[in-house]
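Each remark here refers to the structure printed beneath this line.
The values are calculated or read from the model by the stated rules, or taken from the named source; none is laboratory data. Because the structure is a prediction, the values reported are computed rather than measured. Counting neighbours? That spans all protein chains shown, and the Cβs are built from the backbone with ideal geometry, glycine included. Surface areas here come from the heavy atoms of the whole protein model, side chains and all, with no ligands, DNA or RNA. Shrake-Rupley method; radii C 1.70, N 1.55, O 1.52, S 1.80 Å.
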Amino acid sequence: MSVLSGNQPEGTPTWIDLRTPDRAGALAFYQVLFGWEYEPYPTGDVQGTRCLLRGRPVAGIVPDPDRTVAVWTMYFATDDCDGTARRVTERGGRLIEPPADLADHARTAVATDSVGARFGLWQGRSRLGSEIVNEPDSLIRNDLITPDPERARAFYTALFGFTPDRNKEVPELDFTFLRRPDGHEIGGIIGSPGVPSSAWETLFAVSDTDAVARRATESGGSSTDPEDTPYARMATVTDPAGAVFSVGTAP
């Protein structure tokens, strides 16, 4: 169990939100999938929803009627949202949503990196971001899947001072861990020449991958068949509005 009580170090994935054209459908789907409870929070002039596990926030759901397909966005912790946003553009990324205050919760931005993958920045204020991680029904990991891993590694190394560390446990993959300056692993970059575009994959821990995959299909989404990997039994789920994410149960 990992319950957080302070802002995470810069460069650590610290928040996730779902942008969806079907808020009501998302609330119903993820409650069935993960057992989340909900409470409202203001996001500008629209009403967002905080997803709660044991009364603590683990994710957000934000209505976005202009979207045709829902998407999960991962946010990196930053001590200076505006300064980090400037570095994003200086290093070949692009701002989708410039820095702005999320009520008194945080100062946030959303961007794409040098290979076109979407991510966010989160400068925590009254809200830390996800207060429970690394346990069932919460965020456990994020990896960038991209056809251009070298360019991606250069971008994040420059942006956050990460150290790339080749994963030798799966030599058949171009898989590089990203480590903060203190050596802590925050995720990885996987080179995959066949993917049509780059994206950060969100992985939720679950206690039973097979049961979650069945619930996803029964609730209007879809799932790949669960399979065992060196790290977890995993499945890729697509929610009813098209958002793709993974679930996994550690051995």
Only residues in the range 156-177 that are within 19 Å of PRO193 (Cα to Cα) count as the first member; pair them with residues that are open to solvent by less than 20 Å² (accessible area, probe 1.4 Å) and aromatic (Phe, Trp, Tyr), Cβ under 6 angstrom, at least 6 apart or cross-chain, and list the lot. ASN167/PHE175
So the strands (runs of 3 or more DSSP E) completely within the range 132-215 holding 2 or more residues that are buried (at least 21 other Cβ atoms within 10 Å of the Cβ) and touching a strand residue (DSSP E or B) at 6+ places or on another chain (Cβ under 9 Å) are 138-146, 174-179, 185-191, 199-205
Quick check on my filter: what residues within the range 46-71 are open to solvent by less than 20 Å² (accessible area, probe 1.4 Å), farther than 17 Å from ILE132 by Cβ and either free of Cβ contacts under 8 Å to residues at least 12 places away in the same chain or not β-branched (Val, Ile, Thr) (or both)? GLY48, ALA70
Select from the range 216-235 the residues that are under 16 Å from TYR30 (Cβ atoms) and either assigned to a strand (DSSP E or B) or in contact with a His (Cβ under 9 Å, 6 or more places away or on another chain) (or both) and list them in ascending order. SER222, SER223, ALA235
Being buried (at least 18 other Cβ atoms within 10 Å of the Cβ) and farther than 27 Å from GLY120 by Cβ is the filter here, so list the residues in the range 216-232 that pass it. PRO226
Run ARG91 past the list (1) buried (at least 21 other Cβ atoms within 10 Å of the Cβ); (2) touching a helix residue (DSSP H, G or I) at 6+ places or on another chain (Cβ under 9 Å) and report the number of the one that doesn't hold. (1)
With of a type outside the set (Gly, Ala, Ser), modelled with pLDDT of 95 or more and under 29 Å from PRO9 (Cα atoms) as the only criterion, which of LEU203, LEU173 stands out? LEU203
Taking THR238, is it within 22 Å of VAL71 (Cβ to Cβ) and surrounded by fewer than 16 Cβ atoms within 10 Å (Cβ to Cβ)? no
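The rows are residues; the columns are (1) modelled with pLDDT of 95 or more; (2) within 19 Å of the chain's Cα centre (by Cα).
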position	(1), (2)
PHE76	yes, yes
ASP80	yes, no
THR84	yes, yes
ARG91	yes, no
ALA103	no, no
VAL110	yes, yes
SER114	yes, yes
